[in-house]
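Asker: Supplied in structure tokens, the structure appears directly below.
The values are calculated or read from the model by the stated rules, or taken from the named source; none is laboratory data. What you see is a predicted model; the values in this text were computed from it and never measured. Glycine also receives a Cβ, built like all others from the backbone with ideal geometry; neighbour counts cover every protein chain displayed.
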Amino acid sequence: MLYQLYDWQRAAMEPWRYLAQMGTEVYGNPQSPWAALPGSRNAAAAFDLMNRITQDYMRPPFEIETVKVGKRELRVTEEHALEKPFCTLLHFAKAGGPKQRRVLVVAPLSGHFSTLLRDTVRALLQDHDVWITDWVDAKEVPVSVGPFHFDDYVAYVREFIGFLGAKDLNVISVCQPTVPVLAAVSLMAAAGEPVPRTLTMMGGPIDSRKSPTEVNILATTRPLSWFESKVIQRVPVRFPGFMRRVYPGFLQFAGFVAMNPDRHIESHMDYYQHLVEGDGSSAEAHRRFYDEYNAVMDLPAEYYLETVERVFQKHLLPQGKLVVAGEKVRPEAIKSCALLTIEGELDDISGSGQTQAAHTLCKGIPASRKQHYEAPQVGHYGIFSGRKYREIIYPRIRDFITKHA
């Protein structure tokens, strides 16, 4: 019922949003006579801010149209290589590009769209043939399709790796998917199937008992029944997934903001001031960030609850107790691929040592094919996005793949 009330509230805000859009045009458009009045910039900025606070944010595009490979500027097109009910395997094809090492980026299914990894993909495209898991908003998936479990996530990853050809593939998992990706590759190795050349795991909860963050503590101080009763909702009537049980994106977003409310309030006040002062570049940078940050998606309830239980409450993987589709997950079965783990010194979502724990679990990989890096003065999002990612972290990933692939 909470989700339906939220949806009604958003619908009720629509007239106010249109009013805000009109006010922005009336007081902010240079062609408008009202724009010459004293205080017009303040009024336009206030209406603009109101519009952004009340609007719905849809999945943003990747907007990667070209990439420089060597000395050539190549056109990039997005191709739907494989479509599943809850995920599309997206390929960034480069017209006339040279043959490059194939990389599968496994994006998080944790509230934001895969476009959050835009920087990750853009940097990788210079030197690699890039594919990414583009997860579908659960409210867009009809109930008739059926549920989506943690085991299904692992099965999707395993299928995508097989589809792309494991022998010539390098897999990068960012945050939440480090656990299902390690599970998928472990099952493949135990079954005698080819495994990827390299595994790169970035800021993920392989063992969330190490340096627990607020996110980890919340998961362990509440029983699973609390999560099911408090955050699981039914999709409202106007969406294709009507009546599907989900963890709504708006609740996830509220959790994101609650972690640093003062920072977000200050950022919006700065945005208002930038508009008043006519600082267009700073205002546009704010828009770009929040267009992505505010765009959230619903998660299938089964997957969300099982992740909370298996990864954050029972810690099944590091204890050697994780079972997927009736098979025990044994990371020690992985022997032939190389492993790189990356953490951020200031990561407040996946604490120090949580991702590095993969090295202890993957006992079958020789030490010469293992590498760990902790990025100094880098938070969670800085691991895969921003200047430090492009200048410090990406070169390490590129060189590691080159060395071992």
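Asker: Can you tell me which residue among LYS139, LYS167 is at pLDDT 95 or above and among the charged types (D, E, K, R)?
Answerer: LYS139
Asker: Quick check on my filter: what residues within segment 212-265 are within 15 Å of TYR3 (Cα to Cα) and among the charged types (D, E, K, R)?
Answerer: Within segment 212-265, GLU228, LYS230, ARG234, ARG238, ARG244, ARG245 qualify.
Asker: Please note which strands (runs of 3 or more DSSP E) are completely contained in segment 69-180 and include at least 2 residues that are in contact with a Gly (Cβ under 9 Å, 6 or more places away or on another chain).
Answerer: Hits in segment 69-180: 72-84, 169-174.
Asker: If we keep just the residues of segment 114-145 that are without any contact (Cβ under 8 Å) to a residue 40 or more places away in the chain and closer than 25 Å to GLU306 by Cβ, which is surrounded by the most Cβ atoms within 10 Å (Cβ to Cβ)?
Answerer: Within segment 114-145, the match that is surrounded by the most Cβ atoms within 10 Å (Cβ to Cβ) is SER114.
Asker: Inside segment 68-96, can you point out the residues that are more than 23 Å from PHE163 (Cβ to Cβ) and either under 19 Å from the mean Cα position of the chain (by Cα) or of a type in the set (A, V, I, L, M, F, W, C) (or both)?
Answerer: Those that are more than 23 Å from PHE163 (Cβ to Cβ) and either under 19 Å from the mean Cα position of the chain (by Cα) or of a type in the set (A, V, I, L, M, F, W, C) (or both): VAL69, LEU74.
Asker: Also, I was wondering about something else. Checking the conditions here, which among VAL174, VAL235 is crowded, with 20+ Cβ neighbours inside 10 Å, in contact with a Phe, Trp or Tyr (Cβ under 6 Å, 6 or more places away or on another chain) and not assigned by TED's automatic domain parsing to the domain that holds ARG396?
Answerer: After ruling out the rest, the residue left standing is VAL235.
Asker: Just to confirm my filter: which helices (runs of 4 or more DSSP H) fall fully inside segment 201-266 and include at least 3 residues that are more than 24 Å from ARG287 (Cβ to Cβ) and at pLDDT below 95?
Answerer: 214-220, 224-230
Asker: Looking at ALA155, ALA190, ALA184, which one is surrounded by 24 or more Cβ atoms within 10 Å (Cβ to Cβ) and not hydroxyl-bearing (Ser, Thr, Tyr)?
Answerer: Within the list ALA155, ALA190, ALA184, the selection yields ALA184.
Asker: Okay, moving on. Is it the case, given these coordinates, that GLN313 is at pLDDT 95 or above, surrounded by 21 or more Cβ atoms within 10 Å (Cβ to Cβ), among the polar types (S, T, N, Q) and within 16 Å of ILE206 (Cβ to Cβ)?
Answerer: Criteria not met by GLN313.
Asker: Ok, one more. Take the residues in segment 316-330 that are of a type in the set (A, V, I, L, M, F, W, C) and free of Cβ contacts under 8 Å to residues at least 40 places away in the same chain, then tell me which one is surrounded by the fewest Cβ atoms within 10 Å (Cβ to Cβ).
Answerer: Of everything passing the filter in segment 316-330, VAL323 is surrounded by the fewest Cβ atoms within 10 Å (Cβ to Cβ).
Asker: In segment 30-66, which residues are among the charged types (D, E, K, R) and either surrounded by fewer than 14 Cβ atoms within 10 Å (Cβ to Cβ) or out of contact with any Leu (no Cβ under 9 Å at 6 or more places or on another chain) (or both)?
Answerer: Residues satisfying the conditions are ARG52, ASP56, ARG59, GLU63, GLU65.
Asker: Determine the pairs where a residue that is farther than 18 Å from LEU49 by Cα, located within segment 1-22, has a partner that is part of a helix (DSSP H, G or I) and of a type outside the set (Asp, Glu) with Cβ atoms under 6 Å apart, the partner being 6 or more residues away or on another chain.
Answerer: TYR6/PHE250
Asker: Just name the residue that is farthest from the chain's Cα centre (by Cα) out of those in segment 188-247 that are touching a residue at least 40 places away in the same chain (Cβ under 8 Å) and on the phi > 0 side of the Ramachandran plot.
Answerer: MET243
Asker: If you take the residues in segment 363-388 that are within 16 Å of LEU124 (Cα to Cα) and in contact with a helix residue (DSSP H, G or I) (Cβ under 6 Å, 6 or more places away or on another chain), which one is surrounded by the fewest Cβ atoms within 10 Å (Cβ to Cβ)?
Answerer: Across segment 363-388, the extreme among qualifying residues is LYS388.
Asker: Which residues, taken from segment 6-33, are of a type in the set (A, V, I, L, M, F, W, C) and part of a helix (DSSP H, G or I)?
Answerer: Passing the criteria: TRP8, ALA11, ALA12, TRP16, LEU19, ALA20, MET22, VAL26.
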